[in-house]
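Q: Before I ask anything, let me first share the structure, which is written out below as structure tokens.
The values are calculated or read from the model by the stated rules, or taken from the named source; none is laboratory data. Everything quoted here is computed from the prediction, not taken from an experiment. Ideal geometry is used to build each Cβ from the backbone, glycine not excepted, and the neighbour counts take in all protein chains shown.
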């Protein structure tokens, strides 16, 4: 079977939007017409093409892990102390292997137990971007995540994140 043409993709996308709108308006969140029509099911099959559905799926699949509040306090206090001793452009590399969140800064490694799915790659952020790290955490579990080129620590976002290979950083400082 051939892939749909540009016009067909446009129609399928509009059909997905129309079915999504009908489903949202329905009481049970699935619109059930009095007479069965094939395009409703076809529109539901293309629901994943809708921009907000794609964005939501990408957000759910972003690199993230959870730390206990106590470990987060110690970890980010340690990192804040390390940041006072490095240049603004020094890379700070975050990586999560599925069990341990590793933060590398100026040849120092801070590792902390965390829960979540393994990150496929490490992420680097310049030290200057990590000014004003949180000192207090209100939630029992603290999320560390990467989304839209930003590092999230709890409710704060720090811009300037870039993916890097796990074994190296983008500057002169090795992280072995």
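A quick yes/no check of all residues on (1) out of contact with any strand residue (DSSP E or B) (no Cβ under 6 Å at 6 or more places or on another chain); (2) modelled with pLDDT under 95; (3) in the same structural domain as residue 31 (by TED's automatic domain parsing):
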| site | (1), (2), (3) |
| --- | --- |
| 48 | yes, yes, yes |
| 53 | yes, yes, yes |
| 76 | yes, no, no |
| 103 | no, no, no |
| 107 | yes, yes, no |
| 112 | no, no, no |
| 115 | no, no, no |
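Q: For residue 141, work out the one condition from (1) surrounded by 15 or more Cβ atoms within 10 Å (Cβ to Cβ); (2) in contact with a helix residue (DSSP H, G or I) (Cβ under 9 Å, 6 or more places away or on another chain); (3) at pLDDT 95 or above it doesn't fulfil.
A: (1)
Q: Do any strands (runs of 3 or more DSSP E) entirely within the stretch 71-174 hold 1 or more residues that are free of Cβ contacts under 8 Å to residues at least 60 places away in the same chain, and if so, which?
A: 91-96, 100-105, 108-113, 122-126, 150-153, 156-159, 162-164
Q: Continuing with the same structure: Of all the residues that make up the stretch 81-109, how many are surrounded by 19 or more Cβ atoms within 10 Å (Cβ to Cβ), touching a helix residue (DSSP H, G or I) at 6+ places or on another chain (Cβ under 9 Å) and farther than 13 Å from residue 126 by Cβ?
A: Selection size over the stretch 81-109: 3.
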